[in-house]
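S.K.: For reference, the structure I am asking about is given below.
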Amino acid sequence: MSKQILETFPNQYPGREYQVDIECPEFTSLCPKTGQPDFGTIRIRYVPDQHIIELKALKFYLFSYRSQGIFYESVVNKILDDLVAASRPIRCEVIGDFTVRGGISTSVRAVYEGD
C-alpha cells in the first residue's frame with residue numbers, strides 16, 4: 001500500500017465545526033488484474049477536529065497510488081483509513097468516481113462518523 005506520509009497542522013478553529021471539501025480529478029491507480037491504469041476523481045469531505053490535512057502532502061499521497069495495483073473499493077477505504085489515522089476528524093467521507101471501463105462506471109463511497 002501507499003508509503004507516502006500524510007501530514008497535518010493544528011486547526012486554528014478547533015471548537016467550530018466546519019467542512020473542508022477536497023477534489024483530486026486526476027487520480028490514477030493500477031487494475032490489479034490487468035495492470036492497466038484506472039482513472040477517476042477522488043473527493044474528500046471532512047470536518048476537522050484538532051488537525052487539518054496538509055494539501056501538498058495529500059497530493060503526493062494520492063499520486064503514490066499511480067504505481068499500485070488496487071481495487072476501487074480497497075483504494076477508497078484505504079484512503080479513508082489513512083486520513084482518519086492522520087487527522088482524527090469529527091467526520092470524513094471519501095468518494096471515488098472512476099471512469100468507464102468495459103462499459104461500466106463505478107462510484108465507491110466510504111464514511112467515518114467519529115469515535
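The values are calculated or read from the model by the stated rules, or taken from the named source; none is laboratory data. In this text, all values refer to a predicted model and were calculated from it rather than measured experimentally. Backbone-built Cβ (ideal geometry, glycine too); neighbour counts: all protein chains shown. Side chains included, ligands, DNA and RNA excluded: accessible areas come from the protein's heavy atoms. Shrake-Rupley method; radii C 1.70, N 1.55, O 1.52, S 1.80 Å.
S.K.: Counting Lys and Arg as +1 and Asp and Glu as -1, what is the net charge of the other residues whose Cβ lies under 14 Å from the Cβ of G35?
M.R.: Value of the local net charge: +2.
S.K.: In the chain, carbon and sulfur make up what percent of the accessible area (probe 1.4 Å)?
M.R.: Carbon and sulfur together cover 51 percent of it.
S.K.: In whole Å, how far is the Cα centre of the range 4-24 from that of the range 29-87?
M.R.: Using only Cα atoms, the two centres lie 16 Å from each other.
S.K.: Here's another thing I want to ask about it. Give me the accessible area per residue for the range 1-81, probe 1.4 Å, as a whole number in Å².
M.R.: 59
S.K.: Regarding the chain, what is the average projected area of its C-alpha convex hull, in nm²?
M.R.: Mean projected area of the Cα convex hull: 6.8 nm².
S.K.: In whole Hz and in residue order, list the ³J(HN,Hα) couplings for the range 56-67 that follow from phi through the Karplus curve 6.51 cos²θ - 1.76 cosθ + 1.60, θ = phi - 60°; x for Gly and Pro.
M.R.: Listing the rounded values in order: 5, 5, 5, 4, 5, 4, 5, 5, 5, 6, 4, 10 Hz.
S.K.: For helix 72-87, report the angle its Cα long axis makes with the longest principal axis of the Cα atoms of the chain; keep it between 0 and 90° and round to the nearest 10°.
M.R.: Orientation of helix 72-87: about 20 degrees from the principal axis.
S.K.: Excluding A110 itself, calculate the net charge of residues whose Cβ lies under 14 Å from the Cβ of A110, where each Lys or Arg counts +1 and each Asp or Glu counts -1.
M.R.: -1
S.K.: Tell me, what is the percent relative contact order of the range 3-89, built from C-alpha pairs under 8 Å that lie six or more residues apart?
M.R.: So the answer I get is 40 percent.
S.K.: Name the residues whose placed amide hydrogens come within less than 5 Å of the amide hydrogen of R91, ignoring near sequence neighbours (fewer than 5 apart) on the same chain.
M.R.: The list, which skips near neighbours in sequence, is V47.
S.K.: Going highest first, how would you order 13-21, 55-63, 73-81 by mean Cβ packing within 10 Å?
M.R.: Ranking the peptides 13-21, 55-63, 73-81 by packing returns 73-81, 55-63, 13-21.
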